[in-house]
Amino acid sequence: MKKLLMTSAFALILSAPAIAVTVADGDELAENQEYRFWLLDAIKTTDPQKNTDVEGSDILRQIFEGLMNEDGTGAMVPGVATDYTVSDDGLTYTFNLRPEAKWSNGAPVTAADFVYGWQRAADPATASQYAWFIELMNVVNASEIVAGDVPPDQLGATAIDDNTLEVKLTKPTPYFVKMLSHPTTFPVLKSVVEEHGDNWTEPGNLVSNGAFVLTSHNLGVDITMEKNPEYWDADNVIMEKLTGITVNDQNIALTRYEAGELDRMDIPAGQYPRLKEERPDEAISIPYSCSYTYLINMSDKGREELKDPNIRRALALGLNRDIIVDQVLQGGQRPSYNWTQWAIEGFEMPEIEMAGMTQEDRTAEAKRLLEEAGYTPDNPLELTLNYNTSEDHKKIAVVAQQLWKPLGVNLTLNNMEWKVHTDRMQNQDFELARYAWCADYNEASTFLDYFRSTGSNYGEFNNAEYDALLDEAVTSDNPNEQYTAAEQILAAELPLIPIYHYANVDLIKPYVKGVALENVMNSWYGKDMYITAH
Amino acid sequence: MFGFILRRLAVAIPTLLLLIVFSFMLMHAAPGGPFTQEREVPAQVLANLQEKYGLDDPLWKQIVDYVWGIVRHFDFGPSFVYPDRTVNEIIAAGFPVTLTYGLLSFILAVVVGVSLGAAAAIRQNTWLDYLAVGISIGAQVLPNFVMAPILVLIFTLSLGWLPGGGWNFNDPLYWIMPVIALGTSYMASIARITRSSMLEVLSSNHIRTARAKGLPEGRVIRKHALKPALLPVISYLGPAFVSMITGSVVIDMYFSTGGIGKSFVDSALNRDYAVMMGVTILVGALTILFSLIVDILYAWIDPKIRY
């Protein structure tokens with residue numbers, strides 16, 4: 001009791017309403033409430049703990065519901081949890097679950113279902129590729145369970161009663177709550193998984209707790225979900241059916257959009273300006289939480305020349321990002337001079353010197369630095385850039401090659417198949433490598449942790465001051481101070497050449513309402529959408 | 001003939017085994033594995049995955065276990081990339097689709113191709129010949145990756161008659177464009193082969209003799225010319241049939257049919273070893289089977305051929 005009082009948990013009542021959707025004034029609902037969205041490829045799994053894809057996550061957010069959802073701006077709003085409390089030391093989270101939440105078979109959703117889902121994600125027997133996500137959440141014993149040293153039932157997630165879930169963390173994790181809309185943390189019903197084994201995700205077998213239930217899944221063709229009458233907020237869900245349609249070619253997808261078979265699709269590269277002009281109400285560009293970069297190999301296996309910070313700075317200065325963004329991509333992407341995506345919630349962009357310069361000044365400075373190091377167009381620095389097969393990567397690489405050539409850098413372009421490219425990066429078998437990182441959750445640390453000495457960090461950048469800043473950020477009242485300082489270290493050390501921050505360029509039929517257009521994670525919920533008469 | 005068939009079937013088993021061993025070794029020699037991702041999977045998680053799928057065993061043991069699984073239970077193993085599906089399920093879902101549009105394309109290609117080629121040869125240097133040659137050249141220069149988007153533009157976007165893609169066994173409207181796009185270039189090749197073979201046969205001595213005996217022209221063509229003229233066509237049809245019914249990645253991609261052709265390419269790119277092996281064995285077995293059928297057809301058409 002004493003301990004309980006000492007922790008003196010404080011309640012954080014989630015301010016946003018949980019109600020699904022409100023029809024705007026003047027909108028007349030269509031009779032057919034079906035939303036048909038584009039999928040580039042087959043959905044690999046509908047198992048929350050085994051999914052690894054963004055598209056798979058989009059499907060899972062419709063058929064399952066976690067403790068938290070995201071709203072149209074990316075803010076966390078109640079899901080199955082109505083509210084939660086955090087202990088003073090930031091190590092214990094207690095979630096209150098809504099008693100009216102039900103599975104599609106009518107059974108109540110309980111705290112034990114979350115515990116089972118989380119244990120399942122960490123359990124080596126499940127062999128989830130996203131087991132690291134539970135580790136990243138710093139749940140007690142997660143790493144030990146993944147390593148097989150401790151049984152899954154020792155995970156720091158406990159069902160206090162049917163409607164109370166307690167989670168214990170190994171260290172304060174300010175972004176913990178933001179991770180709870182990720183499908184890896186969704187509950188699953190133990191009895192169904194045990195009854196059907198690996199086939200539990202088949203339509204008909206799959207029991208879920210989201211606003212929709214899976215009704216069919218033709219691998220590589222289409223996937224359909226229909227409104228779940230058992231969903232706790234079903235009365236406020238207007239959409240009746242969601243259909244994901246696989247079209248493996250973006251240009252064919254555009255044809256099918258124009259033929260009225262799709263309500264939403266990604267615009268093929270370079271076509272946004274034309275489509276924006278032709279269809280101003282339908283073509284949109286929204287920031288997306290990914291950053292595109294050329295990684296520099298800083299490891300012992302990397303080139304000696306690239307260990308010189310002036311050479312790295314010259315390469316970063318000499319790359320005219322405006323050409324790449326305005327003339328190659330043409331989709332509302334932003335040139336980048338830092339790592340963290342600009343629209344990440346709570347992140348304040350630091351003043352990076354390079355960003356404030358004109359391109360003429362940058363180019364002149366790049367030339368000077370290279371000359372100082374002894375490289376000129378007559379005696380160029382020979383470098384190789386690895387990139388995986390893609391027309392866009394190729395175009396950007398050619399631009400880099402042309403921009404660096406007059407400065408005294410001869411860039412050899414080394415195109416390779418995706419798995420080969422990845423394998424080489426992971427083995428530090430590269431000089432420069434195309435790379436991109438997308439956020440796991442809507443907070444800057446998801447980007448910045450990448451360059452920790454212990455992070456994924458394929459270029460093996462190692463900076464004690466940088467690591468210390470990120471450690472400090474965890475308990476900081478204003479972690480943005482540490483984040484911007486960390487960005488300044490990256491800007492000075494340049495283990496990467498930032499190129500651009502992503503945007504999603506989409507065509508959306510004007511009769512589709514309730515699409516999340518300000519959510520940098522681009523997470524969407526069919527329960528928040530509706531179709532107007534057209 | 002019966003002995004020949006038995007001998008061929010006996011040879012097929014070691015051939016398939018060799019195919020399995022070589023494919024297995026080649027796949028594992030390629031850089032990267034099924035769990036190689038842009039975001040590196042932590043070492044412990046990777047170890048758990050490899051243990052679950054038996055990838056931590058020596059290669060020889062993996063091959064032996066794999067073959068034993070097929071022999072005992074006809075089990076081609078689990079997919080590494082589609083974790084809730086087995087290879088058997090993936091093939092069972094995709095192959096019927098490919099088989100349907102492949103068979104229909106085959107029928108289209110043979111019926112139209114042979115008719116066009118034969119008519120062109122019989123009416124050599126007439127407008128019919130020029131038309132047939134023109135059609136087959138036109139079809140030949142429009143490979144399926146060109147034909148597919150053209151069909152979609154015409155029949156989906158402009159006319160709105162056909163769905164732009166997808167697959168539905170119960171609705172033939174979904175079949176039409178894949179069948180035309182896949183069958184057309186084969187049809188053109190069959191027409192060309194039939195025409196030149198027919199011309200050669202029509203100028204041979206036994207046809208001259210048949211005509212000299214006063215046989216009606218129709219009977220000369222049906223009884224004496226068509227059968228031998230079809231021998232080179234049949235040689236072409238064996239491998240063509242296999243490549244049609246084992247799928248075309250272009251057709252699967254453009255029409256999102258969910259066919260096995262795209263699974264084959266995807267499995268190679270994803271290093272989904274089990275799916276790739278499953279489809280390789282399927283294609284290998286069908287190739288062996290249809291080359292045997294071609295040989296039998298040869299013997300039936302030309303009794304002089306002995307094995």
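Give, as a single signed number, the net charge of other residues whose beta carbon lies under 9 Å from the beta carbon of residue B:80, with Lys and Arg counted +1 and Asp and Glu -1.
Values: positive: B:271; negative: B:272.
Once all neighbours under 9 Å are counted, the net charge is 0.
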- By how many degrees, 0 to 90 and rounded to 10, does the Cα axis of helix B:273-301 deviate from the longest principal axis of chain B? 20 degrees
- Query: When ligands, DNA and RNA are left out and all protein chains stay put, how many square angstrom of accessible area per residue does the protein assembly as shown have with a 1.4 Å probe?
  - Reply: 42 Å²
- Task: Using amide H atoms built 1.01 Å from N in the peptide plane, name the residues 5+ places from residue A:432, or on other chains, whose amide H lies under 5 Å from its own.
- Result: A:384, A:386
- Message: How many angstrom lie between the Cα centre of region A:337-373 and the Cα centre of region B:243-279?
- Response: 44 Å
- Dipole of region B:151-264, positive direction: furthest Cα of B:248, B:191, B:157, with charges on the beta-carbon: B:191
- Karplus ³J(HN,Hα) for region A:271-278 (6.51 cos²θ - 1.76 cosθ + 1.60, θ = phi - 60°; Hz, whole; x = Gly/Pro) runs 9, 4, x, 5, 5, 5, 6, 6
- Which pairs in the list A:44/A:509; A:190/A:419; A:102/A:227 are over 24 Å apart, alpha-carbon to alpha-carbon? A:44/A:509; A:190/A:419
- Return the aspartates and glutamates within reach of residue A:527: Cα separation strictly under 14 angstrom, same-chain partners fewer than 8 residues apart disregarded; answer none if there are no such residues. A:34, A:58, A:65, A:70, A:71, A:226, A:230, A:233, A:235, A:240
- Collect residues whose amide H, placed 1.01 Å from N in the peptide plane, falls under 5 Å from the amide H of residue B:86; neighbours closer than 5 in sequence don't count. B:79
- Just tell me which aspartates and glutamates come within less than 15 Å, Cα to Cα, of residue B:61; anything on the same chain fewer than 8 places away is out. B:51
- Once the mean of 1/r over all distinct C-alpha pairs in region B:181-307 is inverted, the Kirkwood radius in Å reads 17.2 Å
- Query: HN-Hα J couplings of region B:5-22 from phi, Karplus 6.51/-1.76/1.60, θ = phi - 60°, integer Hz, Gly and Pro as x?
  - Reply: 4, 4, 4, 5, 5, 5, 6, 4, 5, x, 4, 5, 4, 4, 4, 4, 5, 5
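Over every pair of different alpha-carbon atoms in region A:352-430, take the mean of 1/r and invert it; report that Kirkwood radius in Å. Don't skip to the end; give the middle numbers.
Working: mean 1/r = 0.0712 Å⁻¹.
For region A:352-430, inverting the mean 1/r across all distinct Cα pairs yields 14.0 Å.
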- Please give every one of the lysines within straight-line cross-link reach of residue A:367, meaning a C-alpha to C-alpha distance under 26 Å, and leave out same-chain neighbours fewer than 8 residues apart. A:307, A:394, A:395, A:405
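What average number of partner chain Cβ atoms lie no more than 10 Å from the Cβ of the residues making up A:214-224? Walk me through the numbers before you get to the answer.
Working: counts 0, 0, 0, 2, 9, 8, 15, 14, 6, 0, 0.
So the per-residue partner count for this stretch is 5.
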- Note on the structure: Against the 2.2 N^0.38 Å rule of thumb, the C-alpha Rg of region B:85-148 sits at a ratio of 1.61
- Item | Relative contact order for region B:161-280, counting Cα pairs under 8 Å that sit 6 or more residues apart, in percent | 26 percent
- Using alpha carbons only: equivalent-ellipsoid semi-axes of region B:167-254, gyration tensor based, whole Å: 37, 14, 9
- With a 1.4 Å probe and ligands and nucleic acids left out, the total accessible area lost when A pairs with B, in Å² to the nearest 100, equals 4100 Å²
- Over its alpha-carbon atoms, the protein assembly as shown yields an Rg and a Dmax in Å of 30.9, 117
- Message: Return the equivalent ellipsoid semi-axes of region B:111-214 as a descending list in whole Å, where each equals the square root of 5 times an eigenvalue of the C-alpha gyration tensor.
- Response: 37, 13, 10
- Debye-sum result for region A:312-380 in log10 I(q)/I(0), which assumes one identical scatterer on each alpha carbon, at q = 0.26 Å⁻¹: -1.17
- region B:42-83 to region A:450-469: how many Å between their Cα centroids? 35 Å
- Query: Taking the alpha-carbon centroid of each part, what is the distance from region A:115-146 to region A:201-246 in angstrom?
  - Reply: 27 Å
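Report, in deg cm²/dmol and to the nearest 500, the calculated mean residue ellipticity at 222 nm for chain A, where each DSSP H run with n ≥ 4 adds -39500 (n - 2.57) and the sum is divided by the residue count. Write down the numbers at each step before the final one.
On the way: 16 runs with 142 residues, N = 534.
Only helices count here, giving -7500 deg cm²/dmol.
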- Message: Quick check on region A:151-260: what are the equivalent-ellipsoid semi-axes from the Cα gyration tensor, as sqrt(5λ), descending, whole Å?
- Response: 33, 19, 17
- Message: For a quick check: with amide H placed at 1.01 Å from N, whose amide H comes under 5 Å from residue A:97's, ignoring anything fewer than 5 positions away on the same chain?
- Response: A:82, A:164, A:165
- Of all the C-alpha pairs in chain B, what % are more than 31 Å from each other? 45 percent
- In chain B, with Lys and Arg counted as +1 and Asp and Glu as -1 at Cβ, which of these residues, B:77, B:54, B:106, has the Cα nearest the positive end of the dipole, that is, farthest along it? B:106
- Scoring region B:116-194 by relative contact order with C-alpha pairs under 8 Å, at least six apart, yields a percentage of 41 percent
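The values are calculated or read from the model by the stated rules, or taken from the named source; none is laboratory data. Treat the numbers as computed from the prediction; the structure is a model and nothing was measured. Note: ideal-geometry Cβ built from the backbone for every residue, glycine included; neighbour counts use all protein chains shown. Ligands, DNA and RNA are stripped out before the accessible areas are found, and what is left, the full protein with its side chains, is counted by its heavy atoms. Shrake-Rupley method; radii C 1.70, N 1.55, O 1.52, S 1.80 Å.
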